[in-house]
Amino acid sequence: MASNLGPRPADEPDELALPARGVPADQGGAPRNHEELLRRRRAALRHDPAASGAAELSQQVLGWAQALDVGERTLRDAARGVLPEDGRADNRADNLADGRAGSRQALGRAAALLGAAEAAAALAARSAHTLTAESAVTSTVVSALVPALVAELTAELGRPVSDPDVGPDLGPDPEAERRRGAVVAQFPWLVHGFALETVDEGGLAEAVRLGAPLAELDADRLGSLSRGGCSPVQALPKVVSSPALGRASAGAQSLAKAVLSAGDELHRRMAEVPEVPQSTPADRRLAAAYETLYAAAACLALWTARTAPVQGDELWLQAALRGLLGRLHRLLDEQCPDVDEHAVEETLADRVVALAGAGGPLTPFVC
């Protein structure tokens, strides 16, 4: 359970004005086998925000789609690069070249990061409709998180990041730093919500039903502050103890508990951040850790909400949580706790190579 981290803040942070960077849809290049998948992703992510007149949110969501496109193309190209010339996946990831950038573990880790980014983006896009009052947090968090995870996966595969909107994690990216500063300003509300485990259960239940129809976004409910915090993160204690997760393997349950433990420590540190007009680099590092926790919460929420098995979904869940847990502890300057020695990433690499050969979606979290 989340620990009690303090009383409700008496004063609200100042209004958070975040000019969104214009991000045009990627219309160039020759058609690829997965082009229809990319079009579906863009359409799903920008569905109603664009139609509602919520211009800033629409641009942010479109930016997530563009970054995910970059990551998906990079991962698919890397996976296809290990297939035999006939395109069959018989030898799968055993064909990977020697070296870290070409290893099965690297391909699996990169795939896990893409899955985590897609889970976070899909949940946040749906949350704009069902948890609209929380969008001041979720859209800001995901706008910094998705490009960072895509940059990490491209680096994992030893490939340069050519897209100017995808910057290195915690690097000199002024847009990401500005967004993380906005999240720091909302720490008091996030800490309070996590301590009380405040969750809009109805809104979250609708948000996690991937593919289900959504009500039109009520732009009037969009604001500069999420007074209720962030339901997916604040639901973590309940999700970790849920019967749905109880049906998962011991490995998945152990990883989920480790994520919750790291989340408790993160919120303890967030509670100690003074409310001052300008955040520090250390504060923004905590905001990046919160982004990571949101992605883990999204993976867990979407996985436990599934009513039908998805091919390799627990494999994806474990790999994503392993990668996110390591990132979370690095951002907290802590040693990551030991996890089981099962070669999750290598198994995932085999699966991704097979999926790339078949031309289908590479992760179960895709919109």
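Peptides 133-146, 202-215 ordered by packing proxy, namely the average of other Cβ atoms within 10 Å per residue, highest first: 133-146, 202-215.
Which ordering of R227, R126, R284 is given by a fewest-first count of other beta-carbon atoms within 10 Å? Result, fewest neighbours first: R227, R284, R126.
Bear in mind that the values in this text are calculations on the coordinates, not laboratory data. All figures in this text were calculated on a predicted structure; none of them were measured in a lab. Glycine gets a Cβ as well: all are built from the backbone with ideal geometry, and neighbour counts include every protein chain shown.
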